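Working notes, structure below.
The values are calculated or read from the model by the stated rules, or taken from the named source; none is laboratory data. Small disclaimer: the values here were computed from a predicted structure and weren't measured. Cβ atoms come from the backbone with ideal geometry, glycine included; neighbour counts cover every protein chain shown. For accessibility, only protein heavy atoms count, side chains too; no ligands or nucleic acids. Shrake-Rupley method; radii C 1.70, N 1.55, O 1.52, S 1.80 Å.
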Amino acid sequence: MKRPAVFLDRDGTLIEEVNYLSRIEDLKLFPYTANAILLLKDRGFLVIVVTNQSGIGRGEYDENAMHSIHDQIQVELSGAIDGFYFCPHLPDAGCKCRKPGTGMIDTACQDFGVEISKSWMVGDKEIDVGAGKNANVSTILVRTGYGDEHANRLSVRPDYIEADLHAAVNRIISQ
């Protein structure tokens, strides 16, 4: 049986933005993150993180450091994230996994049997909105992270713009 998913950007959406986050001690969940994720889980949504991590491709940190961050996020959220998908490539690499491409979303849909027509993409950048639009899911731009900056210069319009992840989740569960 297929289930709807909420695809979440990581930095600036799920957690506070830290340029090239590579150390657990720099990881900070927003105060509302845990509650927002629990609301989604209670409504039967899969919660899947899709994140561009070009810091790996740039040599800023390695894949093990990124996995340690994801493991800590799982600890702090009591294992509520169903999956983490990442793109380690540089922006000009031409890969299909880097947002706004849909490679990560496509793979997650195959892995989890996602009901794409009832799914959402939430992020703080235009590339997140683009990935959602390209994957044919509803989109929300949050104003945290880079969201305020991106909201004023979008060439791809999201379905909704919300203050933060908690407001985005309230929008999703009210639909």
Practice task
For Ile172, state whether it is out of contact with any Asp or Glu (no Cβ under 9 Å at 6 or more places or on another chain) and either assigned to a helix (DSSP H, G or I) or of a type outside the set (Phe, Trp, Tyr) (or both).
Solution key: yes
Practice task
Return the residue satisfying two criteria in turn: it lies in region 44-61 and is without any contact (Cβ under 8 Å) to a residue 40 or more places away in the chain and assigned to a loop (DSSP other than H, G, I, E, B), and of such residues it is farthest from Gly130 (Cα to Cα).
Solution key: Gly59
Exercise for the section: Scan region 11-23 for residues that are part of a loop (DSSP other than H, G, I, E, B) and under 19 Å from Ile161 (Cβ atoms) and jot them down. Expected result: Gly12, Thr13, Leu14, Glu17
Problem - Matching entry among Asp111, Asp106 (being in contact (Cβ under 8 Å) with a residue 24 or more places away in the chain, part of a helix (DSSP H, G or I) and farther than 28 Å from Ile24 by Cα) - result: Asp106
Fill in the blank from the handout: Counting only residues in region 116-125 that are more than 13 Å from Asp82 (Cβ to Cβ) and not basic (Lys, Arg), the one surrounded by the fewest Cβ atoms within 10 Å (Cβ to Cβ) is identified as Ser117
Problem - Pair list, Cβ < 7 Å and 6+ apart or interchain, from region 155-175 residues that are free of Cβ contacts under 8 Å to residues at least 40 places away in the same chain to residues that are surrounded by 12 or more Cβ atoms within 10 Å (Cβ to Cβ) and polar (S, T, N, Q) - result: Pro158/Thr139; Asp159/Ser138; Asp159/Thr139
Exercise for the section: Of all residues in region 133-156, count the ones that are more than 21 Å from Tyr32 (Cβ to Cβ) and modelled with pLDDT of 95 or more. Expected result: 5
Exercise for the section: Check region 98-113 and report whether any residue there is among the acidic types (Asp, Glu), closer than 16 Å to Ile48 by Cβ and in contact with a Pro (Cβ under 8 Å, 6 or more places away or on another chain). Expected result: no
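Every residue, every condition in (1) touching a strand residue (DSSP E or B) at 6+ places or on another chain (Cβ under 7 Å); (2) of a type outside the set (A, V, I, L, M, F, W, C); (3) at negative phi, yes or no:
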position: Asn136; (1), (2), (3): no, yes, no
position: Thr139; (1), (2), (3): yes, yes, yes
position: Glu149; (1), (2), (3): no, yes, yes
position: Arg153; (1), (2), (3): no, yes, yes
position: Asp159; (1), (2), (3): yes, yes, yes
position: Glu162; (1), (2), (3): yes, yes, yes
position: Val169; (1), (2), (3): no, no, yes
Handout entry: Residues of region 117-136 classified as under 14 Å from Ala5 (Cβ atoms), assigned to a helix (DSSP H, G or I) and under 12 Å from the mean Cα position of the chain (by Cα), total
Key = 2
Exercise for the section: Can you work out which of the residues in region 142-162 that are part of a loop (DSSP other than H, G, I, E, B) and under 21 Å from Leu27 (Cα atoms) is least open to solvent (accessible area, probe 1.4 Å)? Expected result: Thr144
Fill in the blank from the handout: Inside region 58-86, the number of residues satisfying the requirement of being farther than 17 Å from Leu14 by Cα and either surrounded by 17 or more Cβ atoms within 10 Å (Cβ to Cβ) or under 12 Å from the mean Cα position of the chain (by Cα) (or both) is 2
Fill in the blank from the handout: The condition from (1) open to solvent by 20 Å² or more (accessible area, probe 1.4 Å); (2) on the phi < 0 side of the Ramachandran plot that Gly113 misses is numbered (2)
